[in-house]
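Enquirer: Mind having a look at this structure? Questions to follow.
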Amino acid sequence: MHVPSGTLGTVAPVISIDEFQAEVRAFLDANAPKKEAERKFVWGEGSDSVGMFEERTREAELEGLARAKEWRAKRFDAGFGWITGPEEYGGRGLPAAYQRAYDALEAEYEVPNQSYFTIGLGMVAPTILAHGTDVTKDAYLKALHRGDIVACQLFSEPGAGSDLASLQTRAERDGDEWVINGQKVWTSGAHYSDIGEIIARTDPDLPKHKGLTGFIVDMRAPGVEIRPLRQMTGSAHFNEVFFTDVRVPDSHRLGDVNNGWNVALTTLMNERAAIGAGGGGGDRAHLLSRAIELARVLGLDRDPVIRQKLADLVIHARVMKYTNQRAMDRLRAGHTPGPEMSIAKLASAQQTTRLANVVAEMLGAKITADTGEWGTYAWAQLLLGAPSSHIAGGSDEIMRNIIGERVLGLPKDPGIDTTSPFRELKVGTQTS
């Protein structure tokens, strides 16, 4: 809630930041236990898990989701579920500083894992707010932020991953509905999601970027089939999703017909912001400190080559931190995510692989065969999971194109959709 303040007509929150923090503290004290003081890391004690993703069974995943939803609802009902959101959709309309204050305080308490909502709240909800109809805003924004429903993102296809504009899933109009047919792949969380944001081709005669439209689809509608994809890490975080004559009301369309590319860009910029800021990669500071400790345990901390490689990791981590901080400060100041978020995403993926490769070099055969020795074979999860970071949210090659063209202002590479001054051919650039 806001009220006018001052002669310049500025807008100030009704509640001061100090009052807000006191309100948050009272809520957290009443509903969540305080975290115990962090124990100093001791080699050989506790879990040695260092994977990119938590490996969970489907049963454990659903149990965790139930706990996450319960906390999300409790938090929303207390007025902390969408602190910066519009009041008409259940938000409090407070500045971003209040959200940061809440996050800092909640970090001191033990609360259920909220990663189930990363895609829905970080990518899909902002897209609905920016491009959705009143029907979709009313139906889903409050429900997403309260944790009543979970959302997934349905973009990539077997023949259209980084080159998203080449997708072939079709949506054909039938009166006040659209009928969707096609296949999506690499869909995180589809198996527990209630809705999904999908981009489909609605006019095959237009250039590939122009004939796309976005929709919100019911993931439990007739004709939706979800199949898990087993990763080489052993778990199945991703899915392939098939659509057979799935009907979507026109009220669930995102943006104008054939303007789905702009809708997709809204989602992708928010996605890269989440991944670049660490939402998709886990606690790399923790992993780096453990890798340094591994070098000491293996007696490699005086090896000049290993020391140089570890120092390189530390330097990259520090540069990433400041680059991410600059980008996140822009978001907190009210700017929308822009192409510069591709820098954070690209750096994050490269750092993950650098770290995995250095650890593999130190461990040798111990990373491929489980001898039972603490802190050795466990690193295989990171090594096997690292390649996915170069694909998720757009491949490295696509990130470099975006950085070169939209951040540095370099000319586009020849492709199939843009006109070359040297020949009468249509050429274009792959863009995720």
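The values are calculated or read from the model by the stated rules, or taken from the named source; none is laboratory data. It should be emphasised that the depicted structure is a prediction, and the values quoted were computed from it without experimental measurement. We place every Cβ from the backbone using ideal geometry, glycine too, and count neighbours over all the protein chains shown. Remember, those area values only see protein heavy atoms, side chains included, never the ligands or the DNA or RNA. Shrake-Rupley method; radii C 1.70, N 1.55, O 1.52, S 1.80 Å.
Enquirer: To the nearest 0.05, what FRET efficiency results for ASN258 and ASP138 with a Förster distance of 22 Å applied to their C-beta separation?
Expert: Between ASN258 and ASP138 the formula returns 0.30.
Enquirer: Here's another thing I want to ask about it. Be a star and scan the stretch 150-183 for residues whose amide nitrogen sits under 15 Å from the point 7 Å along the Cα-to-Cβ vector of GLU225.
Expert: Counting only backbone N, you get 181-183.
Enquirer: Sticking with this structure for a sec: With label points built 7 Å along Cα→Cβ from the Cα atoms of LYS210 and LYS412, find their separation and express it in nm.
Expert: So the label points at LYS210 and LYS412 sit 1.2 nm apart.
Enquirer: Still on this structure, please answer the following. Running Debye on the stretch 353-404 with equal point scatterers at the Cα sites and no solvent, what base-10 log of I(q)/I(0) appears at q = 0.31 Å⁻¹?
Expert: So the normalised log intensities are -1.12.
Enquirer: Hull surface divided by four, with the convex hull built on the Cα atoms of the stretch 98-178: how many nm²?
Expert: 8.0 nm²
Enquirer: Could you pull out the GluC sites (Glu not before Pro) across the stretch 302-411 that fall in loop regions by DSSP (anything but H, G, I, E, B) with no more than 16 other Cβ atoms inside 10 Å?
Expert: Hits after loop and neighbour filter: GLU373.
Enquirer: I would also like to ask the following. Given that compact globular proteins tend to follow 2.2 N^0.38 Å, what is the ratio of the alpha-carbon Rg of the stretch 25-156 to that value?
Expert: 1.20
Enquirer: Give the calculated FRET efficiency between ARG100 and LYS34 to the nearest 0.05, with a Förster radius of 22 Å applied to their Cβ-Cβ distance.
Expert: In this case the efficiency is close to 0.65.
Enquirer: Could you give the dipole magnitude of the chain about its Cα centre, charging the beta-carbon of Lys and Arg +1 and that of Asp and Glu -1, in debye to the nearest 20?
Expert: 1040 debye
Enquirer: Cut-off under 16 Å on the C-alpha distance; same-chain residues fewer than 8 positions from LYS321 excluded. Which lysines are left, in chain and number order?
Expert: Output for LYS321: LYS345.
Enquirer: With every protein chain kept in place and ligands, DNA and RNA left out, what is the accessible area per residue of the stretch 114-213? Probe 1.4 Å, answer in Å².
Expert: I get 35 Å² per residue for this part.
Enquirer: Over the Cα atoms of the stretch 284-379, compute the convex hull volume and normalise it per residue, giving Å³.
Expert: 98 Å³
Enquirer: Highest mean first, how do 296-305, 36-45, 197-206, 14-23 rank when packing is the count of other Cβ atoms within 10 Å averaged over residues?
Expert: Highest-to-lowest ranking by the protection proxy: 197-206, 14-23, 296-305, 36-45.
Enquirer: Along its three principal axes, how long is the stretch 128-221 when you only count alpha carbons? Whole Å, largest extent first please.
Expert: Over the stretch 128-221, Cα extents along the principal axes are 40, 30, 24 Å.
Enquirer: If every alpha-carbon in the stretch 75-128 counts as one equal scatterer, what log10 I(q)/I(0) does Debye give at q = 0.30 1/Å?
Expert: Log10 I(q)/I(0), no solvent term: -1.34.
Enquirer: Now, a different point. Mark the label point 7 Å from the Cα of THR353 along Cα→Cβ and return the residues of the stretch 362-399 whose backbone N is within less than 19 Å of it.
Expert: 362, 380-399, by backbone N distance to the label point.
Enquirer: Just grab the label-to-label distance for ALA26 and ARG173, each label 7 Å out from Cα along the Cβ direction, in nm (one decimal).
Expert: 5.4 nm
Enquirer: Same structure, new question: At a Förster distance of 30 Å, what's the computed FRET efficiency of ARG67 paired with ASP250, Cβ-Cβ distance as r, to 0.05?
Expert: Efficiency, rounded to the nearest 0.05: 0.25.
Enquirer: Between SER16 and TRP374, what is the label-point separation in nm under the 7 Å Cα-to-beta-carbon projection?
Expert: Placing both labels 7 Å beyond Cα along the Cβ direction yields 5.0 nm.
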